[in-house]
Amino acid sequence: MILPVAVARGVAEGDVDRVYRRWARSRIVAGSTLRTAAGVVEVVAVEEVDPAAITDDDARAAGEQSADRVRRAFRGAPSDPVFRIRLRFAGTDPRESLREATGDLDDVVATLDRMDRRSRRGPWTRPTLRLVAELPGVRAAELAERAGRDTLAFKRDVRALKELGLTESLETGYRLSPPAGPRCSPVDDRRLWSVQRRSLAPALPTR
């Protein structure tokens, strides 16, 4: 389950404590955690509810203005059950500490080199980072087309880079993680990052 950025921030700020989803069957269980742009969100409970019983107060607790707007947002078949997913903020994303460690560029580059060597299609990490740097906030489908990848495969690529603390998800698309530690420039072909327009842009090694 993916939480919109506004909803995730609402959970982090204490204004949102639930969302509603219409699914053929529950896709998440209590105790699960979601890593969002606002931090880690924990699923406290998953309960099937009558959509007609959703009130405006329930809607506001879900980050919506009215119960009608909640019901209009449902996807899936009208006969599918509606679930209320209760949420709570569980803390900052542990990947934040990884972003703060990107000052150790040799380790970052070595990790990316290993990922490229293990890839059956050849090096992909730097081209993906460069694409995200050049087109922040662009839809994943468009980025995937430019990269010659299908959308789901491209999202997996970016997710792998996100696990290293190198990228962040936006409401639409992605961006490179802003520099949290010392700002470094590519002084040789082992350096990955250079500062461009208040964000980090990948400088591809010339080999």
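The values are calculated or read from the model by the stated rules, or taken from the named source; none is laboratory data. Not measured: the values here are computed from a predicted model. All Cβ positions, glycine included, derive from the backbone under ideal geometry; neighbour counts span all protein chains shown. Remember, those area values only see protein heavy atoms, side chains included, never the ligands or the DNA or RNA. Shrake-Rupley method; radii C 1.70, N 1.55, O 1.52, S 1.80 Å.
Cβ-Cβ contacts under 6 Å between residues 6 or more apart (or on different chains), taken from a first residue in the range 148-168 that is closer than 15 Å to Ala37 by Cβ and among the small types (Gly, Ala, Ser) to a second residue that is part of a helix (DSSP H, G or I) and at pLDDT below 85, are listed as Gly165/Arg95; Gly165/Leu98; Gly165/Arg99. For the range 62-72, the candidate set comprises residues that are touching a residue at least 24 places away in the same chain (Cβ under 8 Å) and out of contact with any Gly (no Cβ under 6 Å at 6 or more places or on another chain); within that set, the residue that is nearest to Ala12 (Cα to Cα) is Ala62.
Number of residues in the range 116-146 that are touching a residue at least 12 places away in the same chain (Cβ under 8 Å) and open to solvent by less than 50 Å² (accessible area, probe 1.4 Å): the value is 13.
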